[in-house]
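The values are calculated or read from the model by the stated rules, or taken from the named source; none is laboratory data. These numbers were taken from a predicted model, which means no experiment stands behind them. Because the Cβ atoms are built from the backbone with ideal geometry, glycine has one as well, and the counts that use them run over all protein chains shown. All accessible areas refer to the heavy atoms of the entire protein, side chains included, with ligands and DNA or RNA removed. Shrake-Rupley method; radii C 1.70, N 1.55, O 1.52, S 1.80 Å.
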Amino acid sequence: GNSVTQMEGPVTLSEEAFLTINCTYTATGYPSLFWYVQYPGEGLQLLLKATKADDKGSNKGFEATYRKETTSFHLEKGSVQVSDSAVYFCALKDSGYSTLTFGKGTMLLVSP
Amino acid sequence: DAGVIQSPRHEVTEMGQEVTLRCKPISGHNSLFWYRQTMMRGLELLIYFNNNVPIDDSGMPEDRFSAKMPNASFSTLKIQPSEPRDSAVYFCASTSGDRQNTEAFFGQGTRLTVV
């Protein structure tokens, strides 16, 4: 079956630090990969996505590259802000009518 | 578009009572999902519909839970009778589910507390 594994949090950083949140996956097919973000008290919203090997998704300074050889989709940001404090979910979708499979989420806490 | 709309945002009920959560998906989306989020288990898929038909309800925890989608613009998740362990945030999401690369759009959730 499909699965997504994320690093456990919380990840605690100071403002302007570099961020990496690791994500690896197992899938039977050739999935599309997503990062969602959940701010306190809100629903999940799409942060970025990639649909084929070596694609790089990017948004709001965040980036992730689809690595088929290592089955990974690590999230990075060069300089985090306090407003980036949230829970980040890695997810995959391996066919048109399948559901999203989510990781357990990684909480990021950024201090001034 | 207003996005996925869920109601109520918060619900507090007593054990044994019936609870109904409501969801209006984004217009034109043909797949709808119900998720439950808790600290212990993270995000769990309860059920999903495609073109108003339930496709996979294997995540529904037990017979106390039921979900319906009478038309393309409305779905309900009902818990009867409710128990304290049902306390969680319940999310509805929708997508135009005919392509692999299409993302799901989430509502703001209903925070359910069963006392």
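All but one of (1) under 30 Å from residue B:9 (Cα atoms); (2) among the polar types (S, T, N, Q); (3) in contact with a Gly (Cβ under 8 Å, 6 or more places away or on another chain) hold for residue A:12, so report the exception by its number.
Result: residue A:12 fails condition (3) only.
Yes/no per residue for (1) surrounded by 14 or more Cβ atoms within 10 Å (Cβ to Cβ); (2) within 18 Å of residue A:9 (Cα to Cα):
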site: A:61; (1), (2): no, no
site: A:73; (1), (2): yes, yes
site: A:80; (1), (2): yes, yes
site: A:99; (1), (2): yes, no
site: A:103; (1), (2): yes, yes
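Are there any pairs, at least 6 apart or on different chains, whose C-beta atoms fall under 9 Å, with the first in the stretch B:70-95 and in contact (Cβ under 8 Å) with a residue 12 or more places away in the chain and among the charged types (D, E, K, R) and the second open to solvent by less than 50 Å² (accessible area, probe 1.4 Å) and in a loop (DSSP other than H, G, I, E, B), and if so, which?
From residues that are in contact (Cβ under 8 Å) with a residue 12 or more places away in the chain and among the charged types (D, E, K, R), the pairs are B:78/B:64; B:83/B:16; B:83/B:64; B:86/B:64.
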